[in-house]
Amino acid sequence: MYLVLLGPPGAGKGTYSPTLTALFKIPVLSLGDILRNEAKCDTKLGRKIENYIKTGELVPDNLIIEIVSNIIDSEEGEGGVIFDGFPRTINQAEKLLEILKQRDLVIDLVLDIFSNDKTITDRLSSRWVCPYCGRAYNMMTAPPKKNMRCDFDDTPLIQREDDNPNVIRRRLKVYKEQSKPILDFYIAKSIPYIRVDSTGTIKKCWEKILNSLFEINIIDKKTYDSYKNTETDRIHKAGRENRR
Ligand SMILES: [Zn+2]
């Protein structure tokens with residue numbers, strides 16, 4: 001199962017990806033995390049990437065493709081991968097299809113989680129993070145137990161520059177411009193595609209995701225039933241753990 005997870009920041013990719021991992025028994029490849037991890041490795045590739053990250057430049061497509069194909073060939077990625085934050089460009093999207101095709105594999109599903117700009121702006125601007133451990137809290141849906149302090153290390157929480165409403169509006173605009181051609185590309189290639197509105201509660205959105213997966217025969221009735229009502233708490237918990 002190779003799944004491409006699309007959606008703007010704040011639509012809920014980080015919230016649902018741990019449960020999708022549990023459902024399909026495949027890891028999430030979050031490109032941002034992978035690049036940061038790779039940059040820490042003392043390898044030729046690692047040092048190159050570290051350089052790009054340090055100078056704030058975009059990591060070029062050929063390096064990204066190299067990393068992604070290494071992951072697909074690794075033990076961890078052999079049964080499938082959830083791609084999060086990748087592909088970002090048409091070139092990457094084309095290369096990903098090529099890499100999979102060379103291995104007789106396909107993209108089984110594109111899952112696009114969206115919401116309206118107002119909901120996303122409200123969600124993201126209510127996000128606070130722990131500067132010590134990086135855990136994220138949402139003051140509307142998943143606040144810390146103690147007032148404005150991290151549950152795990154008691155550090156006072158801060159708001160990231162990225163999560164201020166003006167910056168969020170700009171990030172959404174950039175996302176829309178970047179993602180439109182990628183969506184069109186997948187639709188043109190007739191790859192199974194689901195679009196889910198994540199406005200509203202986590203429970204509702206998770207139900208919509210499951211319903212869609214069931215409708216296009218990606219999961220069977222038994223899986224549908226067993227994941228329908230039991231997962232919401234886990235999504236809350238796992239989503240928070242995941243957003244480090
Ligand atoms: Zn913390």
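Between residue 180 and residue 199, what length comes free when the chain is fully extended (0.36 nm per residue of separation minus the Cα-Cα distance, one decimal in nm)? Let's see the in-between values first.
Values: separation 19, 0.36 × 19 = 6.84 nm, distance 2.01 nm.
Gain in length upon complete extension: 4.8 nm.
With springs connecting C-alpha atoms under 10 Å apart, model the chain as a Gaussian network and identify which of 45, 111, 183 has the largest mean-square fluctuation.
Judging by the Gaussian network model, the answer is 45.
Let me see the P(r) profile for the chain: every Cα-Cα distance counted, bins of 10 Å, each bin given as a percent of all pairs.
7, 29, 37, 23, 4, 0
If I model a spin label at residue 190 and residue 1 as a point 7 Å from the Cα along the Cα→Cβ vector, what separation in nanometres do I get?
Taking the two extended label points, one gets 2.4 nm.
Looking at the range 46-106, I'd like the Rg to Rh ratio, where Rg is from alpha-carbon atoms and Rh is Kirkwood's inverse mean 1/r. Before the final figure, lay out each step's value.
Values: Rg = 12.4 Å, Rh = 12.5 Å.
Using Cα coordinates only, the ratio equals 0.99.
Only Cα pairs within less than 10 Å get springs; with that Gaussian network setup on the chain, which residue of 160, 127, 88 has the largest fluctuation?
160
Hey, rough spin-label estimate for residue 102 and residue 36, points 7 angstrom out along Cα→Cβ, what's it come to in nanometres?
Computed distance between label sites residue 102 and residue 36 equals 2.9 nm.
Pick out which of 80, 134, 56 has the largest mean-square fluctuation in a Gaussian network model of the chain, springs linking Cα atoms closer than 10 Å.
Per the Cα network of the chain with a 10 Å cutoff, 56 tops the list.
When the Kirkwood radius is taken over all Cα pairs of the range 131-200, what Stokes-Einstein diffusion coefficient follows at 4 °C and 1.567 mPa s, in µm²/s? Can you show the working numbers first?
Values: Rh = 15.4 Å.
Estimated diffusion coefficient is 84 µm²/s.
In percent, what relative contact order does the chain have, based on Cα pairs under 8 Å that are 6 or more apart in sequence? All intermediate terms of the calculation are to be shown ahead of the outcome.
Numbers: 320 pairs, mean separation 67.2, N = 244.
It comes to 28 percent, rounded to a whole number.
What longest region of the chain stays clear of GluC sites (Glu not before Pro) that DSSP places outside H, G, I, E and B and that have at most 13 other Cβ atoms within 10 Å?
Numbers: sites that count: 57, 75, 76, 78.
That gives 79-244 as the longest site-free run.
Order these by the 10 Å Cβ neighbour count, fewest first: 81, 59, 167.
Numbers: 81 25, 59 17, 167 14.
Placing the least packed residue first, the sequence is 167, 59, 81.
So if we plug the beta-carbon distance of residue 141 and residue 167 into 1/(1 + (r/R0)^6) with R0 = 22 Å, what FRET efficiency do we get, rounded to 0.05? Mind showing how you got there, number by number?
Working: r = 21 Å, r/R0 = 0.94.
Once the sixth-power term is evaluated, E becomes 0.60.
Please give the charge dipole size of the chain, origin at the Cα centre, charges +1 on K and R Cβ atoms and -1 on D and E Cβ atoms. Round to the nearest 20 debye. Write out the running numbers ahead of the final one.
Numbers: 39 positive and 35 negative charges, 173 e Å.
Value, rounded to 20: 840 debye.
Using r as the Cβ-Cβ distance of residue 155 and residue 73, and R0 as 30 Å, what FRET efficiency do you calculate, to the nearest 0.05? Kindly include the intermediate steps, with their values, before the conclusion.
Working: r = 39 Å, r/R0 = 1.31.
Efficiency, from the Cβ-Cβ distance: 0.15.
What is the distance, in nm, between label points placed 7 Å from the Cα along the Cα-to-Cβ direction at residue 89 and at residue 122?
It is 3.7 nm.
Values in this text are rule-based calculations from the coordinates and carry no lab data. Remember, predicted model here, so these are calculated numbers, not experimental data. Methodologically, a virtual Cβ is constructed for each residue, glycine included, from the backbone with ideal geometry; neighbour enumeration extends over all protein chains shown.
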